[in-house]
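To start, the structure itself, in structure tokens.
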Amino acid sequence: MDKIVVHGGKPLHGDVQISGAKNAALPVLTAALLTEGTCTFHNIPDLVDIKTTYKLLRNMGVEIEGDSTVQISADKIINSVAPYDLVKTMRASILVLGPLVARMGKARVSLPGGCAIGARPVNLHIKALQDMGASVELRGGYIEATADRLKGANIYFDLPTVTGTENIMMAATLAEGTTVLNNAAREPEIINLADVLKGMGAKINGAGTDVITITGVTSLTGTEASIIPDRIEAGTFMIAAGMTQGDINVLGCNPQHLEALINKLRDTGMKITPIDGGLKVAAGRKIHSVDVKTLPHPGFPTDLQAQIMAYMSIGSGLSVITETVFENRFMHVSELMRMGADITIQGGSAIVRGVPALYGAQTMATDLRASASLILAALVAEGTTEISRVYHIDRGYENIEKKFSALGADIQRMKQ
């Protein structure tokens with residue numbers, strides 16, 4: 001098992017290229033199940049979750065070739081089962097449910113696993129499929145769904161669910177009639193998926209708003225498309241620049257996807273300027289503490305909450321960070337406190353009192369974004385920090401230690 005070792009205290013300078021977004025690539029890859037044609041996708045990141053998705057699709061008979069550009073052919077699907085041993089490590093595997101039911105008329109998908117940051121129930125997916133005429137049962141830890149052909153329906157999500165919106169949007173492309181998704185999630189990754197589906201011949205309107213309308217067609221074709229840049233990776237490096245008193249060029253990102261973060265970082269004193277191909281990000285003279293509340297897009301992303309908490313731990317005052325999306329997403333707090341952070345949990349909020357310095361320590365990553373927050377804290381800590389269980393970070397960040405090292409950080413991966 002690997003660990004990451006960081007010797008803190010070095011400001012970051014230079015250029016960093018942002019990879020394709022994991023949270024956009026995963027639904028796009030599963031969308032290939034909807035067509036017999038070959039799909040070509042560019043800007044695919046090299047991540048553990050991507051490899052897991054490949055295993056899952058290949059287990060169904062899907063042919064996959066390539067690396068950053070992949071060709072996928074689901075011409076012959078040999079089974080409609082997503083087994084537990086492949087699904088248990090990745091919650092996004094639930095995304096095969098909608099496409100399989102829509103095209104094959106059946107699916108048997110294990111209840112998903114992944115990071116333990118909250119319940120993230122799949123009941124919204126199930127109810128939506130039932131509203132579209134599917135018969136759905138939970139049996140032996142599996143979701144078993146069947147439908148001769150899904151029917152268009154008026155769907156209302158009790159909560160804006162990203163994977164639920166993606167799953168049902170894909171299912172509705174081959175349904176009979178029109179499906180309307182109300183209170184749909186609005187994330188850029190959903191717009192990316194909708195654009196890919198439209199390239200396959202789907203009829204979709206409203207992606208990026210809270211009402212999405214899909215008119216079903218009888219079949220879809222292959223397509224060629226690119227994955228959008230990872231806004232969470234971009235945000236992580238932007239925060240790192242502010243924490244380390246550095247200045248970096250974040251290349252390949254889409255500033256429109258980062259507006260909530262940009263506004264908040266400017267409030268902390270950072271200077272953020274659009275440049276050709278990305279953003280120039282520079283630390284301010286002083287880190288002003290700010291309050292943060294996570295919300296569905298276009299609000300502040302929950303996937304950047306742990307990182308900005310590490311930032312606020314060295315702020316000049318008091319910060320209140322409120323988590324409204326996932327109920328268990330403060331597991332990084334105890335590890336940051338091991339490094340000297342002053343944080344108190346009160347219900348769904350963390351009270352962060354900025355301290356003059358953090359100190360190197362032995363720490364343990366508890367989930368994907370918590371891993372990133374520990375690396376950020378380690379970059380500014382006095383002394384050496386060891387971060388174990390970094391397999392979490394490999395699920396969502398491509399070569400993170402190499403990218404930080406190229407910016408001047410003293411960071412390396414070692415066998416534990």
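Descriptive notes on the structure:
- Every residue from the range 268-297 that is of a type in the set (A, V, I, L, M, F, W, C), closer than 15 Å to Arg231 by Cβ and in contact (Cβ under 8 Å) with a residue 40 or more places away in the chain: Leu279, Val281
- Filter result (small (Gly, Ala, Ser) and closer than 18 Å to Gly269 by Cβ) within the range 300-345: Ala310, Ser313, Gly315, Ser316, Gly317, Ser319
- Within the range 123-148, residues that are assigned to a helix (DSSP H, G or I) reach no partner that is among the charged types (D, E, K, R) and crowded, with 22+ Cβ neighbours inside 10 Å with beta carbons closer than 7 Å at six or more positions or on different chains.
- Of all residues making up the range 317-366, the number that are assigned to a loop (DSSP other than H, G, I, E, B), under 18 Å from Leu379 (Cα atoms) and not β-branched (Val, Ile, Thr): 11
Here is a yes/no grid of residues against (1) free of Cβ contacts under 8 Å to residues at least 12 places away in the same chain; (2) within 27 Å of Leu279 (Cβ to Cβ); (3) in a helix (DSSP H, G or I):
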residue: Asp15; (1), (2), (3): no, yes, no
residue: Ile50; (1), (2), (3): no, yes, yes
residue: Lys55; (1), (2), (3): no, no, yes
residue: Ser68; (1), (2), (3): no, yes, no
residue: Gln71; (1), (2), (3): no, no, no
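- Helices (runs of 4 or more DSSP H) contained entirely in the range 161-247, each with at least 3 residues that are of a type in the set (S, T, N, Q): 162-172
- Number of residues in the range 140-152 that are crowded, with 20+ Cβ neighbours inside 10 Å and farther than 19 Å from Leu197 by Cα: the value is 3.
- Of everything listed in (1) modelled with pLDDT of 95 or more; (2) within 16 Å of Ala184 (Cα to Cα), the single unmet condition for Leu100 is (2).
- In this structure, Thr223 does not qualify as among the polar types (S, T, N, Q), over 17 Å from Ile191 (Cβ atoms) and either touching a Pro at 6+ places or on another chain (Cβ under 8 Å) or at pLDDT 95 or above (or both).
- The one condition in (1) touching a residue at least 60 places away in the same chain (Cβ under 8 Å); (2) more than 20 Å from Glu187 (Cα to Cα) that Ser334 fails to fulfil: (1)
- Restricting the range 80-111 to residues that are in contact with a strand residue (DSSP E or B) (Cβ under 6 Å, 6 or more places away or on another chain), over 15 Å from Ala31 (Cα atoms) and of a type in the set (Val, Ile, Thr), the residue that is surrounded by the fewest Cβ atoms within 10 Å (Cβ to Cβ): Val81
- Residue among Asp342, Asp367 that is among the charged types (D, E, K, R) and surrounded by fewer than 23 Cβ atoms within 10 Å (Cβ to Cβ): Asp342
- Here Arg285 meets each of (1) of a type in the set (Lys, Arg); (2) outside the structural domain of Asn167 (by TED's automatic domain parsing); (3) under 22 Å from the mean Cα position of the chain (by Cα) with one exception, condition (3).
The values are calculated or read from the model by the stated rules, or taken from the named source; none is laboratory data. Just so it is clear, the structure is predicted and the values come from calculations on it, not from any experiment. Don't worry about glycine lacking a Cβ; one is built from the backbone with ideal geometry, like all the others, and counts go over all protein chains shown.
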